[in-house]
Amino acid sequence: KDGYKISSVTITPSHVTVYGTSKKIKALESVETLPINISGVDASLKQKVGIKVGEIITDAKPNEVQIELKVVENIIVKNLNNLSFVLENLNPHFKVIRINPDRVDLSVRGRSDKLNSLDNLKLFVDLSKINRDGIYELPVKVAGIEGVDVVDITPSRIKIEVRR
């Protein structure tokens, strides 16, 4: 399943006895199992699986093994550069004269499937506390990324000059 990965595979028993033509068996380095379906898997699982028999391997003892897949969230870091932000909640009696800088870089961490769909990502600076002319240094805030952690915003604060 998107957002998850297999972190380890354990096969029990780790060795099986195989039967077939002596010459072909001697050349074997590994034995295949029948395929298992792991699509949509988002948790660890244990499953008994048969040994693949055919032209080279005609029989195996035991004829099945237990496969244990450890499945974990696929956590990654994604860097988003040169992002714009919006100014929110400015008192209508004021106007913004200058913004520096007007773009930021954002680094986020989370499950890969969530980071590949950041459609609701919103960067903003809240101007609601501004009550007089001046230069303010205010933090950039992030919204709309549930289940994702903000690692870094560069720069984390924006200089904004406002006047009546």
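Going by neighbour counts of Cβ atoms within 10 Å, the residues Phe85, Phe124 line up, fewest first, as Phe124, Phe85.
For an R0 of 45 angstrom, estimate the FRET efficiency from the Cβ-Cβ distance between Val77 and Arg163 and round to the nearest 0.05.
Values: r = 40 Å, r/R0 = 0.88.
With R0 = 45 Å, the Cβ-Cβ based efficiency is 0.70.
Each helix, a run of at least 4 DSSP H residues, gives -39500 (n - 2.57); summed and divided by the residues of the chain, these come to -1000 deg cm²/dmol at 222 nm.
Over the alpha-carbon set of region 6-46, divide Rg by the Kirkwood Rh and report the Rg/Rh ratio to two decimals.
On the way: Rg = 14.4 Å, Rh = 13.2 Å.
Looking at region 6-46, the ratio lands at 1.09.
Report for the chain the percent antiparallel among DSSP-assigned beta bridges with both residues inside it, nearest 5.
Details: 45 of 48 bridges.
Percent antiparallel among DSSP bridges in the chain is about 95.
When only Cα pairs below 8 angstrom with a gap of at least 6 residues are kept, the chain shows a relative contact order of 23 percent. Modelled spin-label separation between Arg109 and Phe124, with each label point placed 7 Å from Cα along the Cα-to-Cβ direction: 2.7 nm.
What's the long-distance tail for region 32-164, i.e. % of Cα pairs beyond 24 Å? Before the final figure, lay out each step's value.
On the way: 4840 of 8778 pairs.
Here the long-distance tail beyond 24 Å is 55 percent of all Cα pairs in region 32-164.
If R₀ is 25 angstrom, what is the calculated FRET efficiency for the pair Asn63 and Thr10, using the beta carbon separation as r and rounding to 0.05? Plugging the Cβ-Cβ distance into 1/(1 + (r/R0)^6) gives 0.85. Would you work out the Kirkwood radius for region 1-69? I mean one over the mean of 1/r across all pairs of different Cα atoms, in Å. In region 1-69 this quantity evaluates to 13.4 Å.
For the pair Glu32 and Lys70, a Förster radius of 22 Å applied to the C-beta separation gives a FRET efficiency near 0.60, rounded to the nearest 0.05. Counting only Cβ charges, +1 for Lys and Arg and -1 for Asp and Glu, the dipole size of the chain around its Cα centre is about 300 debye.
Every number here is computed from the coordinates shown, using simple stated rules; none is lab data. No experiment lies behind these values; they were computed from the predicted model shown. Please note: Cβ atoms are built from the backbone with ideal geometry, for glycine as well, and neighbour counts cover all protein chains shown.
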